[in-house]
Amino acid sequence: MTVTYIQHVHTAGRLGTLRLLTIWKGGVVKGIWRDLLLYLILYAGISITYRLGFRDEGIKSGFERFCVFMDKFDEYIPLGFILGFYVTQVVNRWWTQVMTIPWLDTLCMNLASYMPGVRMKNTRRLITRWAMLANILTLRRVSTSVVKRFPTYQHLVETGLMTEKEMKKLEQLDNTTEGLHATAWYPIQWAQVILRKAKENGSITSDLLFQELQQNLQDISSGNGTLLMYAWVNIPLVYTQLVTIAVHVYFFVTLFSRQYLNPTPHNRGDGGEFWPVPAGTP
């Protein structure tokens with residue numbers, strides 16, 4: 001989840017940036033507090049059992065050797081490399097998706113410049129509405145917030161983004177594709193047809209201007225397609241599983257390798273045997 005927090009940074013004092021650590025929504029504490037609490041409980045339970053529960057010196061000594069072994073074993077888990085590569089991929093995917101979201105500003109400004117006048121006002125609005133509808137149809141497949149806002153085509157009709165006739169066309173296309181394929185390109189096609197008609201009746205005076213407007217529509221359609229591809233094609237499951245296993249194994253190992261050990265001092269006799277030194281012996 002992306003949470004805007006930069007407005008709190010420039011007004012912060014010397015210790016004001018610590019306020020960022022208290023942001024709950026979208027913060028790291030919200031994401032890990034359950035796992036962290038479970039880890040602390042297990043760590044404390046093992047530590048208490050070691051200090052108070054192991055009365056037999058053989059069991060206690062064996063546990064201490066096991067902890068020393070685990071301390072050497074965790075060096076063989078390349079957690080930093082695995083997490084570094086994985087986090088890099090996740091952040092790159094996130095930022096690429098943000099930069100891919102189509103904006104209608106360029107299309108709207110070009111429509112106002114290349115198709116001016118009151119006579120073309122409704123055409124400009126129609127093309128803009130269809131381009132916006134294409135974006136909404138794409139985001140309904142990507143964002144849960146958008147699909148909650150527009151759960152059905154009827155909601156799009158009620159907000160004025162689509163007409164009843166257009167809704168029937170989209171529903172017919174959904175039936176044809178059995179709902180398995182995205183239909184966000186359909187409104188872009190409608191807009192392209194309107195542009196072609198405007199070129200034929202002389203409302204667009206130049207082939208270059210017509211090509212520019214068509215390219216604006218294609219850029220919007222291409223951006224929507226890229227967003228859908230990121231939603232369909234995830235990071236390979238095997239790598240996600242590898243990272244999950246590596247992290248859980250690492251912290252399982254640290255439950256023992258990071259224990260503070262308090263071994264019982266021993267003396268060695270002439271025959272090679274060991275016996276514990278009584279507590280308080282100088």
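Quick look at the numbers
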item: Segment 116-262 shape via C-alpha gyration tensor axes, a/c threshold 1.5; result: prolate
item: Fluctuation leader among VAL233, VAL243, VAL147 - the chain, Gaussian network, Cα springs under 10 angstrom; result: VAL233
item: For the chain: accessible area per residue (Å², 1.4 Å); result: 68 Å²
item: Angle between the chain longest axis and helix 164-177 axis [Cα atoms, degrees, rounded to 10]; result: 60 degrees
item: Base-10 log of normalised Debye intensity for segment 75-170 (one unit scatterer per alpha-carbon) at q = 0.11, 0.12, 0.18, 0.23 Å⁻¹; result: -0.52, -0.58, -0.94, -1.17
item: Accessible surface of the chain, 1.4 Å probe, proportion on carbon and sulfur as whole %; result: 62 percent
item: Nearest-ten-degree value, helix 57-73 long axis tilted from longest Cα axis of the chain; result: 40 degrees
item: Estimated inter-spin distance, ARG149 and ARG119, nm [label 7 Å along Cα→Cβ]; result: 3.7 nm
item: Histogram of C-alpha separations across segment 26-66, 5 Å bin width, %; result: 5, 21, 19, 16, 11, 10, 9, 5, 3, 1
item: Normalised per residue, the volume of the convex hull around the Cα set of the chain (Å³); result: 238 Å³
item: On Cα atoms only, tilt of 207-232 relative to the major axis of the chain in degrees; result: 30 degrees
item: Extension gain (nm, one decimal) between ASN92 and LEU242, 0.36 nm per residue minus Cα-Cα; result: 52.1 nm
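The values are calculated or read from the model by the stated rules, or taken from the named source; none is laboratory data. Being a predicted model, the structure only gives us computed values, none of them experimental. Quick reminder, even Gly has a Cβ in these numbers, built from the backbone with ideal geometry, and neighbours come from all protein chains shown. Protein only, heavy atoms only, side chains kept; ligands, DNA and RNA dropped before computing areas. Shrake-Rupley method; radii C 1.70, N 1.55, O 1.52, S 1.80 Å.
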